[in-house]
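The values are calculated or read from the model by the stated rules, or taken from the named source; none is laboratory data. The structure displayed is predicted, hence computed values, not measured ones. Heads up, the Cβs are rebuilt from the backbone with ideal geometry, glycines too, and the neighbour counts pull from every protein chain shown. These accessible areas exclude ligands, DNA and RNA; they are computed on the full protein's heavy atoms, side chains included. Shrake-Rupley method; radii C 1.70, N 1.55, O 1.52, S 1.80 Å.
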There are 2 protein chains.
Amino acid sequence: MAEPSLAIHGGAGTLPLTGMDPAMADAHHTALRAALAAGWKVLSKSGSALDAVTVAVMTLEDDDLFNAARGAVFNADGKLEMDAGIMSGRDRAAGAVAGICGPRNPILAARAVMEHSETVLLAGRGAEEFLAAQDIEFQSFDYFCTERRVVALNQELARRASGAPDTRSDADRHGTVGAVARDAAGNLAAGTSTGGFTAKRPGRVGDTPIIGAGTFADNATCAVSTTGTGEIFIRFTAASEISARIRYASQTLEQAASGVIAELFSNGGDGGLIAIGRAGPPSLPFNSSGMYRGFVLSDGVFRTAIHREAYRIFDSRE
Amino acid sequence: MAEPSLAIHGGAGTLPLTGMDPAMADAHHTALRAALAAGWKVLSKSGSALDAVTVAVMTLEDDDLFNAARGAVFNADGKLEMDAGIMSGRDRAAGAVAGICGPRNPILAARAVMEHSETVLLAGRGAEEFLAAQDIEFQSFDYFCTERRVVALNQELARRASGAPDTRSDADRHGTVGAVARDAAGNLAAGTSTGGFTAKRPGRVGDTPIIGAGTFADNATCAVSTTGTGEIFIRFTAASEISARIRYASQTLEQAASGVIAELFSNGGDGGLIAIGRAGPPSLPFNSSGMYRGFVLSDGVFRTAIHREAYRIFDSRE
């Protein structure tokens with residue numbers, strides 16, 4: 001038996017500390033807590049890590065504060081191309097989707113690929129055709145659209161047209177949601193979902209749906225979900241690299257996770273990740289100004305943070 | 001300074017030993033030798049591993065004997081969706097394309113993504129739009145089509161319609177081309193290109209364009225290109241796993257490459273790979289009935305094989 005635990009992130013695309021008013025910070029803490037609550041409800045009833053990760057990510061996808069599903073950012077053509085990936089550490093089953101728009105919860109789309117297709121990664125229209133035959137909810141383009149992301153797209157396109165330098169904050173450049181969990185049976189799981197980055201090139205696939213880069217789980221080592229400059233995370237196989245350092249270099253989860261984040265930073269990659277091992281607390285390192293994040297241990301206490309401040313604590317048993 | 005070396009594969013989708021007549025075997029040896037010659041011409045003139053890999057893969061793509069570019073297999077809709085990936089071990093630069101049809105050489109498309117975009121992986125129509133603006137040759141659908149692949153698609157669709165069991169040989173299920181190289185400066189590179197498998201689900205992306213799964217290179221460890229049941233190779237991050245075992249578990253290239261192929265086999269994955277390290281000969285393990293393959297060391301001798309027979313030898317200096 002293992003001690004259940006869950007960690008989540010709402011992306012490394014945080015507003016700068018100075019630009020986030022208390023009400024906005026409160027709203028993010030509340031949203032993170034809701035995702036922890038959804039996942040913890042599963043884990044505390046002896047549910048699976050895979051189910052806990054799924055509902056935690058769904059909760060973040062449904063909230064337009066975060067760049068995934070509802071509230072996803074637009075590509076350079078003003079379209080939505082969402083990526084998601086999920087992996088089970090028990091059998092290394094995995095599923096992922098890239099460049100899709102339709103399913104209300106892309107994480108459920110990834111899970112359908114894992115459970116109901118012979119493939120691991122499905123992209124674009126072919127993916128959408130497969131998903132249309134699955135038992136998952138679809139939504140219209142309008143459901144996903146938010147005014148904030150329209151403004152961000154227009155600002156970025158205007159900047160590019162003017163030739164002005166890119167001075168966007170992390171909040172405008174990043175954004176992803178994810179969860180990692182360990183259940184009472186000792187099974188690990190990871191899930192990640194994103195809209196990519198504002199005004200991304202159509203067809204661009206980031207690290208989120210790439211098994212071993214943005215999403216990874218293996219019961220023998222760890223489960224990982226990342227957020228940041230996806231191309232660097234792909235080139236350095238960020239998630240599976242953490243697993244390799246635990247397995248072959250005898251590093252602790254914290255050593256491996258922090259070490260990879262440091263290596264990514266020295267190669268131009270900014271962002272963060274959440275990782276959970278076979279035992280002990282999760283690791284949530286980041287090299288950006290902040291990362292919307294939270295975790296819960298077997299004590300049932302929800303801890304959430306945005307920048308490098310102390311975690312806010314909420315005891316779910318009260 | 002390092003000793004230049006090059007290895008290539010034409011996929012694990014070999015005809016069975018009993019089903020391959022001598023003329024067909026000769027044709028494959030000739031084609032493999034042509035690819036080695038193209039790559040070796042670069043390396044023997046102090047060219048880069050990246051350029052050697054590029055031209056070796058192009059040679060195999062241009063030959064309709066192999067399942068990549070001209071001669072690629074069709075998906076279930078009768079369309080061509082090609083994947084390719086390339087990576088430079090010097091700086092871990094990488095580029096990949098998924099689900100494209102148009103560029104005569106998908107490996108050049110992957111290289112254009114690496115060198116002329118800010119992304120690593122571009123898929124589908126967005127990829128094709130980017131590539132149309134690059135300085136690479138395009139071809140019509142007819143150029144890629146071959147009668148043999150039309151027959152294979154129709155047979156497979158008829159089998160599925162009839163509900164008959166899948167008794168296809170490796171030759172009908174697999175097929176990929178790839179190359180790995182080490183140049184005189186000690187730089188490593190890997191490239192892979194494929195049409196996927198016959199009657200694959202539209203939108204399916206295999207391991208070929210997934211950095212760390214089907215294609216990987218890092219000067220510190222090795223360069224790898226794989227062929228086989230791509231989904232298993234993705235779930236077990238086949239290529240970067242070899243690198244991790246060399247770096248962290250002090251395994252030799254041969255131990256790591258053979259060990260991963262054995263692990264894949266025990267998890268339902270069949271196929272093979274080619275890998276090259278910082279020094280010494282390449283490793284070319286496979287767990288399928290055969291793998292079209294060849295390599296050349298600094299002696300300039302071309303060695304090619306299909307099944308587990310002795311290598312045929314051709315001295316390029318004669």
Here is a list: A:A179, A:A127, A:A158. Which entry is under 17 Å from the mean Cα position of the chain (by Cα) and among the aliphatic types (A, V, I, L, M)?
A:A179
How many residues are over 21 Å from B:F74 (Cβ atoms) and touching a Pro at 6+ places or on another chain (Cβ under 9 Å) if we restrict to segment A:107-131?
4
Single unsatisfied condition, B:A68 versus (1) of a type in the set (A, V, I, L, M, F, W, C); (2) more than 18 Å from the chain's Cα centre (by Cα); (3) more than 13 Å from chain A (Cβ to nearest Cβ)
(2)
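Here is a yes/no grid of residues against (1) among the aromatic types (F, W, Y); (2) modelled with pLDDT under 95:
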| position | (1), (2) |
| --- | --- |
| B:V120 | no, no |
| B:F130 | yes, no |
| B:R148 | no, yes |
| B:E156 | no, yes |
Looking at A:S193 and the list (1) within 26 Å of B:E128 (Cβ to Cβ); (2) open to solvent by 10 Å² or more (accessible area, probe 1.4 Å); (3) in contact with an Asp or Glu (Cβ under 6 Å, 6 or more places away or on another chain), which single condition is not satisfied?
(2)
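To keep it simple, each residue is scored yes or no on (1) in contact (Cβ under 8 Å) with a residue 60 or more places away in the chain; (2) within 14 Å of chain A (Cβ to nearest Cβ).
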residue	(1), (2)
B:R201	yes, yes
B:V205	yes, yes
B:T229	no, yes
B:F233	no, yes
B:Q251	no, yes
B:V260	no, yes
B:N287	no, no
Cross-chain or 6+ apart pairs with Cβ under 7 Å, segment A:108-122 first and within 10 Å of chain B (Cβ to nearest Cβ) and open to solvent by less than 10 Å² (accessible area, probe 1.4 Å), then of a type in the set (D, E, K, R) and part of a helix (DSSP H, G or I):
A:T119/B:E231; A:V120/B:E231; A:V120/B:R235
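Determine if segment A:285-293 includes at least one residue that is farther than 22 Å from A:L36 by Cβ and open to solvent by 10 Å² or more (accessible area, probe 1.4 Å).
First pass over segment A:285-293, keeping only residues farther than 22 Å from A:L36 by Cβ: A:287, A:289.
Cutting the leftovers down to open to solvent by 10 Å² or more (accessible area, probe 1.4 Å) gives us A:287, A:289.
Yes: one or more hits.
Residues are listed down the side, and each one gets a yes or a no for (1) in contact with a His (Cβ under 7 Å, 6 or more places away or on another chain); (2) under 17 Å from B:A12 (Cα atoms); (3) modelled with pLDDT of 95 or more; (4) not in a loop (DSSP other than H, G, I, E, B):
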position	(1), (2), (3), (4)
B:I242	no, no, yes, yes
B:I261	no, yes, yes, yes
B:L264	no, yes, yes, yes
B:G280	no, no, yes, no
B:M291	yes, yes, yes, no
B:F295	no, yes, yes, yes
B:R317	no, no, no, no
Which numbered condition trips up A:L264, out of (1) touching a strand residue (DSSP E or B) at 6+ places or on another chain (Cβ under 6 Å); (2) crowded, with 19+ Cβ neighbours inside 10 Å?
(1)
Listing of helices (runs of 4 or more DSSP H) fully contained in segment A:118-204 that carry 2 or more residues being over 30 Å from B:D166 (Cβ atoms):
A:141-144, A:147-162, A:170-173
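Let me confirm something: among B:A93, B:A68, B:A37, which residue is under 30 Å from A:R204 (Cα atoms) and touching a residue at least 60 places away in the same chain (Cβ under 8 Å)?
One residue alone meets the criteria, B:A68.
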Could you say which residue among A:G186, A:G203, A:G212, A:G175 is at pLDDT 95 or above, closer than 17 Å to A:G272 by Cα and of a type in the set (G, A, S)?
A:G212
List every residue pair whose Cβ atoms lie under 6 Å apart, where the two residues are 6 or more positions apart in sequence or sit on different chains, the first residue falls within segment B:293-309 and is farther than 18 Å from B:V224 by Cα, and the second residue, located anywhere, is among the aromatic types (F, W, Y).
B:F302/B:F314; B:R303/B:F295; B:R303/B:Y311; B:A305/B:Y311; B:I306/B:Y292
Regarding segment A:210-231, can at least one residue be identified that is open to solvent by 30 Å² or more (accessible area, probe 1.4 Å) and not in a loop (DSSP other than H, G, I, E, B)?
no
Considering each residue of segment A:41-56, count those that are touching a residue at least 12 places away in the same chain (Cβ under 8 Å), open to solvent by 30 Å² or more (accessible area, probe 1.4 Å) and either part of a loop (DSSP other than H, G, I, E, B) or in contact with a Phe, Trp or Tyr (Cβ under 8 Å, 6 or more places away or on another chain) (or both), and give that number.
3
Does any residue of segment B:162-174 turn out to be surrounded by 24 or more Cβ atoms within 10 Å (Cβ to Cβ) and touching a residue at least 40 places away in the same chain (Cβ under 8 Å)?
yes
Of (1) more than 8 Å from every other protein chain (Cβ to nearest Cβ); (2) closer than 13 Å to B:D83 by Cβ; (3) out of contact with any Ser or Thr (no Cβ under 8 Å at 6 or more places or on another chain), B:T194 fails just (3)
Name every residue in segment A:75-107 that is part of a strand (DSSP E or B) and either within 11 Å of chain B (Cβ to nearest Cβ) or open to solvent by 20 Å² or more (accessible area, probe 1.4 Å) (or both), in order of residue number.
A:N75, A:D83, A:G85, A:M87, A:S88, A:A94, A:G95, A:A96, A:V97, A:A98, A:G99, A:I100
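A quick yes/no check of all residues on (1) more than 22 Å from A:S140 (Cβ to Cβ); (2) in contact with a Gly (Cβ under 7 Å, 6 or more places away or on another chain):
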| site | (1), (2) |
| --- | --- |
| A:G11 | yes, yes |
| A:A27 | yes, no |
| A:A35 | yes, no |
| A:K45 | yes, no |
| A:L65 | no, yes |
| A:A68 | no, yes |
| A:G78 | no, no |
| A:V97 | no, no |
| A:M114 | yes, yes |
Unmet requirement for A:F130, which otherwise passes all of (1) within 14 Å of chain B (Cβ to nearest Cβ); (2) within 19 Å of A:T208 (Cα to Cα); (3) open to solvent by 10 Å² or more (accessible area, probe 1.4 Å); (4) out of contact with any Asp or Glu (no Cβ under 9 Å at 6 or more places or on another chain):
(2)
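Conditions (1) of a type in the set (S, T, Y); (2) more than 26 Å from B:A127 (Cβ to Cβ), marked per residue:
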residue	(1), (2)
B:P4	no, yes
B:A38	no, no
B:V55	no, no
B:T59	yes, no
B:A72	no, no
